[in-house]
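Here is the structure we will look at.
The values are calculated or read from the model by the stated rules, or taken from the named source; none is laboratory data. Every value quoted in this text rests on a predicted model; they were computed, and no experiment measured them. Methodologically, a virtual Cβ is constructed for each residue, glycine included, from the backbone with ideal geometry; neighbour enumeration extends over all protein chains shown. The accessibility values were calculated without ligands, DNA or RNA, using every heavy atom of the protein model including side chains. Shrake-Rupley method; radii C 1.70, N 1.55, O 1.52, S 1.80 Å.
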Amino acid sequence: MIHLESFKIKGGRKLCGAIRVSGSKNAALPCLFASLLSDEDFFIENVPDLKDIRTALALLTQLGKEVKFKNSVVHIRRGGAAKARASYDLVRRMRASVVVMGPLLARLGKAHVSLPGGCSIGARPVDFHIKAFEQMGAVVRVEKGYVSVKADVLKGNRIRLPFPSVGATENILMAAVLAKGRTTLLNAAKEPEIQDLVKCLKSMGAHIQGEGTSIIRVQGVSSLHGTRHCVIPDRIEAGTFLVAAAMTQGRVLLQDVIPDHLSAVLTLLRKAGLSLQVKKNSVLAAWKKQLHPVSVKTSVYPGFPTDMQAQWMALMSLVKGRSRITEDIFENRFLHAHELSRMGADIRIQANTVFVKGVDSLSGCPVMVSDLRAGAALVLAGLSAQGQTQVLRVYHLDRGYEKMEKKLRVLGARISRI
Ligand code: UD1
């Protein structure tokens, strides 16, 4: 059974070498769902082969699309989505599935999507999504664990998000592109993944302005065509490997990155004393001297990403001195802290802040992964720890890191899947 797989890591190797960063999971997912907005052939390139991507493809198939995935390219064949029901079985596996609501509503006038439920990093409700659809004229009912949205005519409106939610911005954009009239989205998310989705939608004929700022304007059109879109590199995978270089005192060249998307992480790594050479599409990270502690607070883009918080905690655990890590996006996203403590980290949690006092070394032991980025932090800790670490429940990592252990082995890590 897949969920019994774990990583066995023998720590203490400096990671050295070059790797290519995969396409972004979080950019690929909404772009795949954008195929629901058109009847024509649709190609998405640079798609990482991940469990979440496979779930998205299964969901598109459930909705009536025919999909093929080969050599990082997803081909979604011409033919409209006929079904509007996204089942609990698929939505519970991946929360991002709720982003089919917008395109289904726009295209079919209805969507019947399971509520994703809680997850290990907090409650993560979908109230912003639902409220926005209502503002666009939809009637929403929540019943038996499903959200049903229906609209005879979907109308553009002025919508202000209470918080710049990434998923809500994506859902609203995909409803607005085929809605009647103009939608102005205020307090929109600015993440690179939103900008990539907008690029994809524009290539399908959508009229959108302002992506990458907090006000996005959409003028609805009557239909959209197919496209060929290449997704951006994964900034979180890139950030994770940079931290791996820092923690193992190594030297890693990352190819196929967009350094601009990593600016908050690069700035803080530099501040900590890591040497970084940034070129147009690559970053070379080299450890040259002991690092200094650097405190961080997660925030929306272009701030420090919550998806790098766990990895930063692993790094600070081994940096002499004291630092603070504050989580401002999600509640309850410190599950990795307990496991890091079991490896010898000196960590104290107080509300949404963790106080870290760097130790000289971590010691390997069996640890349990609770979510994707917590898993990344534990792998990083294992790579730099003394002795052997067994990372249990690596299926969480398979959701979001393509060929993680293979890439790490290319860099010289002693890691195997058992
Ligand atoms: C996306 C990313 C995830 C990342 C997160 C924040 C994908 C597939 N996932 O998740 O990796 O960590 O952005 O950058 O792209 N909220 C509400 N009500 C809502 C929607 C959100 O209260 O209707 C809250 C959430 O509970 C959370 C905050 O808003 O506290 C941000 O969540 P959001 O930006 O929506 O995250 P996701 O889109 O789920």
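At a glance:
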{"quantity": "Check on Glu331, in the same structural domain as Gly12 (by TED's automatic domain parsing) and assigned to a loop (DSSP other than H, G, I, E, B)", "calculated": "yes"}
{"quantity": "Hits in the range 91-105 - residues which are buried (at least 24 other Cβ atoms within 10 Å of the Cβ) and either away from the ligand (no atom under 13 Å from the Cβ) or without any contact (Cβ under 8 Å) to a residue 40 or more places away in the chain (or both)", "calculated": "Pro103, Leu104, Leu105"}
{"quantity": "Test for Asp152: is it assigned by TED's automatic domain parsing to the domain that holds Pro116, charged (D, E, K, R) and either assigned to a helix (DSSP H, G or I) or within 16 Å of the ligand (Cβ to nearest atom) (or both)", "calculated": "no"}
{"quantity": "The range 155-167 - residue that is open to solvent by 70 Å² or more (accessible area, probe 1.4 Å) and part of a loop (DSSP other than H, G, I, E, B) and, of those, nearest to the ligand (Cβ to nearest atom)", "calculated": "Phe163"}
{"quantity": "Selected residue (criterion: farthest from the ligand (Cβ to nearest atom)) from residues of the range 168-190 that are surrounded by fewer than 23 Cβ atoms within 10 Å (Cβ to Cβ) and not in a strand (DSSP E or B)", "calculated": "Gly181"}
{"quantity": "Residue match in the range 334-351 (condition: of a type in the set (A, V, I, L, M) and in a strand (DSSP E or B))", "calculated": "yes"}
{"quantity": "Criterion violated by Ser222 - all others in (1) in the same structural domain as Val74 (by TED's automatic domain parsing); (2) within 16 Å of the ligand (Cβ to nearest atom); (3) not charged (D, E, K, R) satisfied", "calculated": "(2)"}
{"quantity": "Candidates Ala58, Ala34, filtered to the one that is part of a helix (DSSP H, G or I), open to solvent by 10 Å² or more (accessible area, probe 1.4 Å) and touching a Leu at 6+ places or on another chain (Cβ under 9 Å)", "calculated": "Ala58"}
{"quantity": "Failed item in (1) assigned to a loop (DSSP other than H, G, I, E, B); (2) open to solvent by 30 Å² or more (accessible area, probe 1.4 Å); (3) touching a residue at least 24 places away in the same chain (Cβ under 8 Å), with Gly64 passing the rest", "calculated": "(3)"}
{"quantity": "Close pairs from the range 355-377: first in a strand (DSSP E or B), partner within 16 Å of the ligand (Cβ to nearest atom) and open to solvent by less than 20 Å² (accessible area, probe 1.4 Å), Cβ under 7 Å, at least 6 apart", "calculated": "Val356/Met313; Val356/Ile325"}
{"quantity": "Conditions (1) away from the ligand (no atom under 16 Å from the Cβ); (2) surrounded by 15 or more Cβ atoms within 10 Å (Cβ to Cβ); (3) among the acidic types (Asp, Glu); number of the one not met by Glu193", "calculated": "(1)"}
{"quantity": "Of residues in the range 378-403 being assigned to a helix (DSSP H, G or I) and touching a Ser or Thr at 6+ places or on another chain (Cβ under 9 Å), the one modelled with the lowest pLDDT", "calculated": "His396"}
{"quantity": "Looking only at the range 1-18, and only at residues there that are open to solvent by 10 Å² or more (accessible area, probe 1.4 Å) and of a type in the set (A, V, I, L, M), the one that is nearest to the ligand (Cβ to nearest atom)", "calculated": "Ile2"}
{"quantity": "Residue that is nearest to Ser35 (Cα to Cα) [pool: residues in the range 205-224 that are part of a strand (DSSP E or B) and of a type outside the set (D, E, K, R)]", "calculated": "Leu224"}
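To keep it simple, each residue is scored yes or no on (1) open to solvent by less than 30 Å² (accessible area, probe 1.4 Å); (2) closer than 30 Å to Arg342 by Cβ.
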position: Val257; (1), (2): yes, no
position: Leu266; (1), (2): yes, no
position: Lys279; (1), (2): no, no
position: Trp287; (1), (2): no, yes
position: Pro305; (1), (2): yes, yes
position: Met308; (1), (2): yes, yes
position: Gln311; (1), (2): yes, yes
position: Leu315; (1), (2): yes, yes
position: Lys320; (1), (2): no, yes
